[in-house]
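See structure below.
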Amino acid sequence: MSTPYAFFQGQFVPLEEAKVGIMTHALHYGTGIFEGIRGNWNEEKGVVYIFRLREHYERLLRGCRMLMMDIPYDADELCRLTIEMVERSGFSEDIYIRPLAYKSEEKVANLKLQELADDFCLMSVPFGNYLGTDTLRCCISSWRRVDDTSIPARFKISGIYVNSILAKTEATLAGYDEAIMLNQDGHVCEGTGENIFLVSGGKLHTPPLEENVLPGVTRDTVMQLAQAEMGLEVVERSIDRSELYIADEILLTGTAAHLTPVIEVDNRKVADGKTGPISKQLQEMYFEIVKGRNPKYLHWCSPATPVN
Ligand code: PMP
């Protein structure tokens, strides 16, 4: 049996006891930096493998610099706390781990980051298929991705997610599975919680980070695997909307979403409307790796052994 624990105000407590007050700054203004990390249950070994844990915390700490947050843990300590929380919780299934650094001051009407106290909390929940489907029908959102000149998309800032939520809500209410957002220049940017790749001319293409995309850990994983294991060229460049309609394959990538093929964009089939061969090969390789079944990439997997 699992008993979910949280790390809250410097200690491990049962998840249901971790509560903040209604005056908390982050609740009003979205002044948080969060992460989404997956733990993948490996039945043979009896461990949860946490995928690229350190890289997630390096991104979180970059976000903390942006929001002038000073949390008393470095990346090593954050990794250690996370493994301990997962072990204490006793999970023997796939999980999603949510760290959050936030402006914890119980003070409203103060917009000065430098005056507000910070805290860090951590929790995890059992987690299955995030998108609810194995292949995606997408639309182009009428909502544009936030621009670095307004609010930087390169960090996982809590408040930014209203942008994604508007796009996701619009798409799903219109009957699509997911939205693809364009940036302020009208170029293809990303999904609401996923980076995007397209296959064209036998190469992988993805927007560069300067196009207001999140530097995805899965994006980096796919780029490395495509090059090292499949000899594929990966091109980072601006992508036009109309290129999506004529792509050979399209793939969304993210911790929650894994690698999920897009089979339709704006009611136009992507190629023959089925998962393409490059997507399939990447997907198979990725699933083996995140479950800790590929020794070459075991260094990306931090084991957590459930304590019962
Ligand atoms: N873009 C956005 C907006 C996201 O929220 C996410 C999920 N973190 C991603 C891309 C994918 O990033 P990662 O592969 O690191 O999960």
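Numbers below:
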quantity: Once the Cα gyration tensor of the stretch 5-126 is diagonalised, semi-axes √(5λ) in Å; calculated: 28, 15, 11
quantity: Qualifying lysines (Cα of each under 16 Å from Cα of Lys203; at least 8 residues distant if same chain); calculated: Lys280
quantity: Gaussian network model of the chain, springs between alpha carbon atoms under 10 Å - residue of Leu60, Leu136, Leu27 with greatest fluctuation; calculated: Leu27
quantity: C-alpha long axis of helix 217-230 to longest principal axis of the chain, angle in °; calculated: 40 degrees
quantity: Protection proxy ranking, peptides 247-258, 225-236, 199-210, average beta carbon neighbours within 10 Å, highest first; calculated: 247-258, 199-210, 225-236
quantity: Förster radius 22 Å - calculated FRET efficiency between Ala75 and Val307, Cβ distance, rounded to 0.05; calculated: 0.40
quantity: CD proxy at 222 nm, helix term only [per DSSP H run n ≥ 4: -39500 (n - 2.57); per residue of the chain; nearest 500]; calculated: -8000 deg cm²/dmol
quantity: 3J(HN,Hα) from dihedral phi, the stretch 84-91, Karplus parametrisation 6.51/-1.76/1.60, rounded to Hz, x for glycine, proline; calculated: 5, 5, 5, 5, 4, 6, x, 5
quantity: Most mobile listed residue (Val86, Val188, Val13) in the chain, GNM with C-alpha springs under 10 Å; calculated: Val13
quantity: Estimated FRET transfer efficiency when R0 is 41 angstrom, pair Arg237-Thr3 (beta carbons, to 0.05); calculated: 0.25
quantity: Label point 7 Å beyond Cα of His299 along Cβ direction - residues of the stretch 217-234 with amide nitrogen under 19 Å; calculated: 217-230
quantity: Rel. contact order, % - alpha carbon contacts under 8 angstrom, at least six apart, the chain; calculated: 22 percent
quantity: Gyration tensor verdict on the chain (Cα atoms; rounded if a/c is under 1.5, prolate if a/b is larger than b/c, oblate otherwise); calculated: oblate
quantity: Degrees between helix 161-173 axis and first principal axis of the chain (Cα, 0 to 90, nearest 10); calculated: 50 degrees
quantity: Euclidean distance of C-alpha centroids, the stretch 239-308 and the stretch 119-152, integer Å; calculated: 15 Å
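Rule-based calculations on the coordinates, nothing more; no lab input. These numbers come from a predicted model, not from an experiment. All Cβ positions, glycine included, derive from the backbone under ideal geometry; neighbour counts span all protein chains shown.
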